[in-house]
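One structure is given here, and the rest of the page talks about it.
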Amino acid sequence: MKISLAWLREFVELTESSDELRVILDDLGLVVEGVERVGEGLEDVVVARIDEIHAIEGADRVRLVVVDAGHGPLEIVCGAMNIDLGDHVPLAPIGAVLPGGFVIAQRQMRGVTSNGMLCSARELGLGDDHRGLMVLDEIIEPVVGVGLMEALSITPDVVFDITVEGNRPDAWSVEGVARDLATRLGRPLWSPRLAEPNGEETSAAYASAGIDDPDLCGRLTVSVLHHVRVGPSPSWVVDRVQSAGMRAISNVVDASNLVMLELGQPTHAYDAAHVAQRTLRARRARRGEMLVTLDGVQRELATAGRGLGDTGEDCVIVDGDDTVLGLAGIMGGATSEINDATTDVLLESAYFDPMGIARSSKRHGLRTEGSNRFERGVDPGLALRAAARFVHVLHESCPELEWLRDPLDVAGITPTPPTIEFDERDIARVLGVAIESDEVTSILTGLRFDVSVSGERFTVVPPRARPDVRGGVAGSADVIEEIARLHGYGRLPRHTPTWPQPGGLSERQKLRRHLRDVVVDLGAAECWTPTLGSDGDFDLLRPEGARVRITNPLASDEAVLRATMITGLVRAWGKNLERGTGNVVLAEIGNVFTHPDVTASPRMTKGGVGGSVTLTLPQENERLTVVLGREGDDATAAVAFWATVAERLGLADVVVRTSDTPEPGFHPTRVAQLVDRASGTVLGSVGEVDSVLVEGLVASAPARRLGLVDVDFDALSDPSRATRRSEFAKVPSRFPSAVIDLAFVAPEPLHAQDLAFELRGASELVEKVELFDVYRGSNLPDGTRSLAYRVRFSSDEGTLSEVHVATARDQLIARAGSLGATLR
Amino acid sequence: MTSSPLANLADQTAGLLATIAGLDSIDHLREAEPTITGKRSILSALQKSFGVLAPEDRKEAGAQLQEARRVVESALESRRRELSQLARARTLLEDGLDLGDVVLGDARWPASVGHPSLIAITQRELEDVFVAMGFTVSEGPEVESDWYNFEALNIPPAHPARGLWDTFYVELGEPETVVLRTHTSPTQIHLMEEAVAKDSLPIHSVMPGRCFRRDTPDSSHLATFHQIEGLVVDRGISFADLAGVIETFTRAYFGPDIESRLRPGYFPFTEPSAEFEVTCTICRGEGCRTCSQTGWIELGGCGVLDPAVLAAVGIDGHEWSGFAFGFGIDRCAQMRHEIADMRALIENDTRFLEQFS
């Protein structure tokens, strides 16, 4: 909201500089996003008359112009062609600083000296016109040598661009901002000049008004104005309206806008000649009713939208024939619009239900100055005061204006302000400091709250302009916020609390940090790939699969929640490859999503209006995905990477088992599952990226293998699924170990790591078992291979005898035998 | 009278189909293709021979030939698919590797230098500051119901305040009931509900996490971003405690010469609400372009928990009170590292990633 300082000063005495005011406004929560200084840079600009125009030899784009600005002839080189002898134009003399900081200096152009600059409206910040010089004769009767600001009656002003928070509809006006300032500064707030009805006739004798649906329209006032002459507004009205960034249109429209900007009440003027029976009624739109709004769009009314809680209701204003004239509070229709021939006006100044306006405005995609204010809540008591201000403003350009007695005023349902009780201790309890009773009273009175004090107890009723203030305990929080705001947040004390409960990370969070550290230690660069992807990407791994879709994506290729991070990482690798930096390991820890229809454990939660519906949400699964993209990387590198991770995380019992189950994204014959033996949980997969996927994602994909590790972090962080090594440390034997090699002929279905685990458990003497050779050959039976292990034995009791070792060896062979593996 | 050039078309087509069925590799198929459907094929030859036909017969002949060509081409394509699937199956079989049999001693071991993501680093630093102040760390899901994301936070359906968050809706349930969370605040609701259910108040926790807003990315915003929020629910907690926590955090994270200040703001879930600003880290408060000459940078929002929010989760507001605050993790990272364009964070260019350790 743009607010002019000069306008504010009509409501409250402000002696502070604009910089000081900016700080005060910020501190009141009326955040100043920008400050515009009107007239800045125009101080030195004067009115000059064009006396001579000469061509410059060799130049067809510029001419030499001789002007008089009151001190004799001055030669200036000028590129504009829209001037004639005798025209008056703005001259920025040497040394002038134009808006934007441009400094005018003496310049040489085409061998001619130019002693200043003749300006366009845009160069002066006075308009958009930059097609030529600003010819003053078109707008004023110029006098040579007079300052431009004086000539155009521009008053220097400062315009603050203020953001008004959604809970402060009362501050969305000049008067509202002035009220905050007056209260903070302890100064009186002045009221604007208002008109009194001056007509002989009563309003009811000429027009009528009614409310059919009092829940949607809380108050409808209609003022009857005779002898209106539509024409331009007085210049001060134009200035005010323009200072707020709106365009001046006509005296009637400008007065309506001025009142809205100044007091916060939107009004609507109808040409009485086009309102059947001069009757305005507010009612619910009926299904199937249509309206062409002022923006020329035909709108179907009373049709339920898709928005949550949208009942499809629209409040409309109809005339005496029950014809819809406008969408109440949002936009009028074309038929009853004010035009040059209008002489009699019905002025609607009303209160509409904020939620109703919000729903209609959202559904019709129609946000207007009016709807923005009504949906936040306009003061229901303001309607006739705003009408009186409107009439006062319009009167200046329509001296014969007649405002009929007893304006029509029909009541619907408006919220009743709550009565809120609290005491001094409540203030101290919320703010951490006591505020003097006198200060509380003066703040709240300044903000127009009704306050009565009894001992330490305050009983407070907010003004009707403050619909944000609720009843009960919540209301006292609202009031205490107002006390704190006007008192000044910066003046409140600070106290850092302590508590006996320790802070810290959960086991899962610690493990995630540990995992991230390990992955980074192993050379991975951690990535952040998109959560939202395309259907095409999704289909690469799960064609036709159920997917979680976004209703309103920003782009069609960002419409699906990812089911894997493999796609994103492979694409990221491809981009790096294109840049010549493909020799990298990329990793990501993040969430992937599964549609509730295809997951065994969908998440149930409450939702809908009032949380009354049970919703089924997608399963979210946190994973670690690593793509090993260095030259030479392949599935074995991925196995080694995983083995290191598992070792560093202290996983006791995970084996790599080749799997026949295809895993999306993995090379179908180079993939294995990571299985926790104790729980049987599959913690993830290891292998290579399917070359088909790489070709689908990476332009000019090289024939290169990519290692791939994909781990379910939810499983990993659950000790019942991912078994940890015991925390108890073992002191190694002081006695020498014995090392033997054992080669078994093992059937293919027996996994090498499972056999190793079995061997480890076969004798108490086993210290370590390590696979060191795998052999396949024609001298072995079909469906078998040779697995050779190095086994280290030791004992805390003493040096192992040959007998001990032989016994243990036999135990290992027997255990292997029980699994179908025979000593080779 | 010449017999129709298409007299033997049926036999010729059958012959071509037989040839196709006999192709046993993709290479053979590629070699044979010109003689089956290409320029050197019988089909092309027949086409050329139409010159002998009377003009009125050409249309009929053309249609017959077109049909024959369609049959042959479709057979060829399906054979091509079969053969390439076969070829892939063969390659995969030859390429197969029993990963359980990998001898780790022979494997290629990682030996390069890695880099954590800037977001992870920043999040950890922030968490550590709060953990040292006595906070735990909590997490929640990224897909939420409208109730957790809005209504329990005192933002009812159709309320204009919902417009403050540009929300991505998920195609599940009734329209606009499932959302990508627009802030980490729903985790506060989960946390409070859990504490009530377990009778385990007080709460002192921070909630980092990924959030989503339907906002076209530019140099200072991403549609996906990370936030950290804090929640304290305890006995006797006031606005002064909130201001104290913000101040302590600011000094601990940004450094002892960086100050914080609060000014009134609006959030439906806190009352009183405040925006918090810290001394501009670029100019140290002198005033510069980054801070629009004010010396302050807006970091986040905070406030005393609204009684309506406590009521929604069943916490007795007479016994317990609390505050909440929140700000952007990405924004902290951007401030500290002076990142000119936030989009660098999601481009995963290793030349960018390598700068962080």
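So, R0 is 60 Å and r is the distance between the beta-carbons of residue B:71 and residue A:304; what FRET efficiency does that work out to, to 0.05? Walk me through the intermediate numbers first.
Values: r = 53 Å, r/R0 = 0.89.
Efficiency, from the Cβ-Cβ distance: 0.65.
So for A:250, B:112, B:117, B:357, fewest C-beta neighbours within 10 Å to most, what's the order?
Values: A:250 18, B:112 12, B:117 22, B:357 9.
Ranked by crowding around the Cβ, least crowded first: B:357, B:112, A:250, B:117.
Suppose R0 equals 30 Å. What FRET efficiency, 1/(1 + (r/R0)^6) with r the Cβ-Cβ distance, do residue B:355 and residue A:603 give to the nearest 0.05? If you can, show how the numbers build up before the last one.
Working: r = 38 Å, r/R0 = 1.26.
Here the calculated transfer efficiency is 0.20.
Points 7 angstrom from Cα along the Cβ direction at residue B:44 and residue A:242: gap in nanometres?
Label-label distance for residue B:44 and residue A:242, simple model: 7.6 nm.
Using a 4.7 Å Cβ cut-off, which Cys residues in chain B lack a partner cysteine?
Those would be B:211, B:302, B:332, since no other cysteine Cβ in chain B comes under 4.7 Å of theirs.
Can you work out the FRET efficiency for the pair residue A:153 and residue A:200, with r the C-beta to C-beta distance and R0 = 51 Å, to the nearest 0.05? Could you put the intermediate results ahead of the total?
Details: r = 38 Å, r/R0 = 0.74.
With a Förster radius of 51 Å, E is 0.85.
Let me check against my output: what whole-number percent is the relative contact order of the range B:196-275, with C-alpha pairs under 8 Å and at least 6 apart? Walk me through the numbers on the way to the answer.
Numbers: 78 pairs, mean separation 16.9, N = 80.
Worked out over the range B:196-275, it gives 21 percent.
Within 10 Å of each residue's Cβ, count the other Cβ atoms and sort A:402, A:369, B:277, A:507 from fewest upward.
Details: A:402 19, A:369 15, B:277 22, A:507 10.
Ascending Cβ contact count within 10 Å gives the list A:507, A:369, A:402, B:277.
As I understand it, the value is the acute angle between the Cα axis of helix B:26-36 and the longest principal axis of the Cα atoms of chain B; what does it come to in degrees, rounded to 10?
50 degrees
What do you get for Rg/Rh of the range A:738-823 when both radii come from the Cα atoms and Rh is the Kirkwood radius?
Details: Rg = 13.0 Å, Rh = 13.1 Å.
Ratio value, two decimals: 0.99.
What full-extension length gain, to one decimal in nm, is calculated for residue A:521 and residue A:678 as 0.36 nm per residue of separation minus the Cα-Cα distance?
Details: separation 157, 0.36 × 157 = 56.52 nm, distance 2.81 nm.
Value of the extension gain: 53.7 nm.
Taking square-rooted eigenvalues a ≥ b ≥ c of the alpha carbon gyration tensor, is the range B:9-101 rounded, prolate or oblate, where a/c under 1.5 means rounded and, failing that, a/b exceeding b/c means prolate? If you can, show how the numbers build up before the last one.
Numbers: a/c = 4.35, a/b = 3.63, b/c = 1.20.
Since a/c reaches 1.5 and a/b is larger than b/c, the shape of the range B:9-101 is classed as prolate.
Per residue of the range B:338-350, what does 6.51 cos²θ - 1.76 cosθ + 1.60 with θ = phi - 60° give for ³J(HN,Hα)? Whole Hz please, x for Gly and Pro, Karplus curve as stated.
Per residue, the Karplus-derived 3J(HN,Hα) values read 6, 7, 5, 9, 4, 4, 4, 5, 10, 8, 6, 7, 4 Hz.
Tell me which residues come under 5 Å, amide H to amide H, from residue A:666 once H is placed; ignore anything under 5 positions away on its chain.
It is A:690, by chain and number.
Step through the residues of the range B:299-310 one at a time and calculate ³J(HN,Hα) from phi using the Karplus curve (6.51 cos²θ - 1.76 cosθ + 1.60, θ = phi - 60°), rounding each to whole Hz and writing x for Gly and Pro.
10, x, x, 6, x, 7, 4, 5, x, 5, 6, 4
Hey, fewest Cβ within 10 Å first, where do B:211, B:283, B:302 land in order?
Details: B:211 23, B:283 16, B:302 26.
Placing the least packed residue first, the sequence is B:283, B:211, B:302.
DSSP beta bridges in the protein assembly as shown, what fraction antiparallel, as a percent rounded to 5? Let's see the in-between values first.
Details: 178 of 190 bridges.
Taking every DSSP beta bridge within the protein assembly as shown, about 95 percent pair in antiparallel fashion.
Rounding to the nearest 10 and keeping the result within 0 to 90°, find how far the Cα-based axis of helix B:9-22 lies from the longest principal axis of chain B.
Value to nearest ten degrees: 50.
Take peptide A:668-680, look around each residue's Cβ out to 10 angstrom, count Cβ atoms belonging to other protein chains, and average those counts. Mind dumping the intermediate values first?
Details: counts 6, 10, 6, 3, 6, 2, 1, 1, 0, 0, 0, 0, 0.
That average works out to 3.
When the dipole is taken about the Cα centre of chain A, and only Lys, Arg (+1) and Asp, Glu (-1) are charged at their Cβ, what size is it in debye, to the nearest 20? Don't skip to the end; give the middle numbers.
Numbers: 83 positive and 122 negative charges, 715 e Å.
That gives a dipole near 3440 debye.
In sequence order, what are the phi-derived ³J(HN,Hα) couplings for the range B:284-291 according to the Karplus relation 6.51 cos²θ - 1.76 cosθ + 1.60 with θ = phi - 60°, rounded to whole Hz, with x for glycine and proline?
6, x, 6, x, 8, 5, 4, 9
Let me know the volume per residue of the alpha-carbon convex hull for chain A, in Å³.
Dividing the Cα hull volume of chain A by its residue count gives 279 Å³.
What translational diffusion coefficient, to the nearest whole µm²/s, does the range A:389-459 have by Stokes-Einstein, given a Kirkwood radius computed over alpha-carbon pairs, a temperature of 20 °C and 1.002 mPa s viscosity? All intermediate terms of the calculation are to be shown ahead of the outcome.
Details: Rh = 16.3 Å.
Translational D for this selection: 131 µm²/s.
Give the residues of the range A:666-704 whose amide nitrogen is closer than 15 Å to a point set 7 Å from the Cα of residue A:652 in the direction of its Cβ.
A:676-681, by backbone N distance to the label point.
Taking H placed 1.01 Å from N in the peptide plane, check which residues at least 5 places from residue A:743 or on another chain put their amide H under 5 Å from its amide H.
A:789, A:824
Can you tell me the 0 to 90 degree angle between the C-alpha axis of helix A:354-363 and the longest principal axis of chain A, rounded to 10?
The helix A:354-363 is inclined about 70 degrees to chain A.
Based on the Cα atoms of the range B:224-357, what semi-axes does the equivalent ellipsoid have, where each is the square root of 5 times one gyration tensor eigenvalue, given in whole Å with the largest first?
31, 18, 13
Given B:22, B:85, B:50, which one lies farthest toward the positive end of the charge dipole of the range B:9-101, if we put +1 on the Cβ of every Lys and Arg and -1 on the Cβ of every Asp and Glu?
B:50
Since every read-out is calculated from the coordinates, none of them should be taken as a lab result. Nothing here was measured: the structure is a model prediction, and the numbers come from that model. Note that we place each Cβ from the backbone using ideal geometry, even for glycine, and neighbour counts take in every protein chain shown.
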